[in-house]
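Okay, so here's the structure we're looking at.
The values are calculated or read from the model by the stated rules, or taken from the named source; none is laboratory data. Just so you know, these numbers come straight off a predicted model, no measurement behind them. Cβ sites come from the backbone with ideal geometry, for glycine too, and all protein chains shown count toward neighbours.
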Amino acid sequence: MNISTGCVSQGLHPSIPALGTLLLLGCVLLNGTSCWVFCCRIKHWDPGMILQFSLVLGDILAIPVAPFRISYLSLGYQWPFGQFLCQVEAFLQSTHTYSSIYFLTLICIQRYFVVVRYKSRSLWKERSFLRKLCLFVWLVLFAQGLPVFFLLKTSAMNGSATCLNIHQSELSSVYFFYNMGLVVLSFLLPFAVYLTFGALLGAAIAKAAKKSFRGQKMKSRSLQMLTVSPVIFAVCFAPLHIFRTIAVTGKYFGMSCKLLHRVEVAYYSSWVVTMANSCLDPLIYVFANDKFKRSFAESFRKRWGTK
């Protein structure tokens, strides 16, 4: 096995940490507002809100992670916060990313059963089942993040501590196989499930929209949701998985430092862009749930005194 060693990290353009800071502010504002609406303004949740609130919780995990990540990139890959916080950062980053992927997929499935199979009984319409399902998903996320917590530690490079640096040589083979498992089971498989149910849902509402006013309303609401979610998968998650796979593969098989530097820039840029999903996710429950929109609008009118 040939493993690249001796590569020296190069700093990122200041615009990348700056973008991360803007996304962090958007994440705090949008998800703070969403959490407040769910917890304080909506008294009776319908079943779909259980999944949507879990999506909010996953997005909130990006908030404590982002300042450390932005500081790390701004300092030129120097990690002054110690090994434990590096491990916590890696764990929370993993949990945030895959909680969004899993719950976006589950929201699409649940929406399919509510909209297309609205006349039939289904576990996907029952609160008790969805609560248990969300608990199970969070347990999976916790178990999935534990290897990241224990394996991804700090390393010394050029006299400085680094965290999650693609030039680290320790455990290159473990990173390679673990990443492949995450890509297949935690990204490609959920995305395929999402596309399947999204296509079925889209076909059903397009047909229903021709028949009734209910179908027209259902179409506009669901199609907006179906438009936003693929953008989140494509823009926020696909680049991270692509460039991380190239990075760990190059490290495992011995990619030249010149190519590894190019991958490094793309990888860390995509790392920051994943935070954009925390700004886009609120659009999912705004489009998918009338009760959320009404509660938010009523709160806004009361706050600003509008009629």
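So how many residues does the stretch 244-286 have that are closer than 16 Å to Phe103 by Cα and of a type in the set (Ser, Thr, Tyr)? So the count comes out to 3.
Checking every residue in the stretch 155-163 against the condition of being farther than 16 Å from Ser99 by Cα, in contact with a helix residue (DSSP H, G or I) (Cβ under 6 Å, 6 or more places away or on another chain) and either loosely packed, with under 13 Cβ neighbours inside 10 Å or at pLDDT below 80 (or both) gives zero matches. Here Cys35, Cys39 are screened, and the one residue that is more than 21 Å from Met275 (Cβ to Cβ), hydrophobic (A, V, I, L, M, F, W, C), out of contact with any strand residue (DSSP E or B) (no Cβ under 9 Å at 6 or more places or on another chain) and free of Cβ contacts under 8 Å to residues at least 60 places away in the same chain is Cys39.
Among the residues of the stretch 38-83 satisfying the criterion of being outside any helix (DSSP H, G or I) and charged (D, E, K, R), which is surrounded by the most Cβ atoms within 10 Å (Cβ to Cβ)?
Quick first cut of the stretch 38-83, residues outside any helix (DSSP H, G or I) only: 42-46, 61, 75-82.
Imposing the further condition that a residue be charged (D, E, K, R) reduces the set to 43, 46.
Numbers: Lys43: 7, Asp46: 15.
By that ranking, first place goes to Asp46.
In a residue-by-residue description of the stretch 84-96, the property of being part of a helix (DSSP H, G or I), out of contact with any Lys or Arg (no Cβ under 6 Å at 6 or more places or on another chain), within 18 Å of Ser229 (Cβ to Cβ) and modelled with pLDDT of 90 or more applies to at least one position. Got at least one residue in the stretch 90-112 being buried (at least 16 other Cβ atoms within 10 Å of the Cβ), among the charged types (D, E, K, R), farther than 30 Å from Leu152 by Cβ and out of contact with any His (no Cβ under 8 Å at 6 or more places or on another chain)? Looking through the stretch 90-112, at least one residue is buried (at least 16 other Cβ atoms within 10 Å of the Cβ), among the charged types (D, E, K, R), farther than 30 Å from Leu152 by Cβ and out of contact with any His (no Cβ under 8 Å at 6 or more places or on another chain). In this entry, Phe113 is excluded by the filter for residues that are out of contact with any strand residue (DSSP E or B) (no Cβ under 6 Å at 6 or more places or on another chain) and over 20 Å from Ile284 (Cβ atoms). When the residues of the stretch 97-120 are filtered to those that are of a type outside the set (A, V, I, L, M) and outside any helix (DSSP H, G or I), the one that is farthest from Leu182 (Cα to Cα) is Lys119. I'd like the residue in the stretch 168-222 that is among the aromatic types (Phe, Trp, Tyr) and at pLDDT below 85 and, out of all such residues, is farthest from His96 (Cα to Cα). So the residue we want is Phe213.
When Phe187, Phe150, Phe129 are checked against the criterion of being at negative phi, exposed (fewer than 13 other Cβ atoms within 10 Å of the Cβ), of a type in the set (Phe, Trp, Tyr) and in contact with a helix residue (DSSP H, G or I) (Cβ under 9 Å, 6 or more places away or on another chain), a single residue qualifies: Phe150.
Listed here are the residues, each with its yes/no results for (1) of a type in the set (Val, Ile, Thr); (2) at pLDDT below 90.
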residue: Met1; (1), (2): no, yes
residue: Ser4; (1), (2): no, yes
residue: Val8; (1), (2): yes, yes
residue: Leu24; (1), (2): no, no
residue: Ser34; (1), (2): no, yes
residue: Cys40; (1), (2): no, yes
residue: Leu57; (1), (2): no, no
residue: Val65; (1), (2): yes, yes
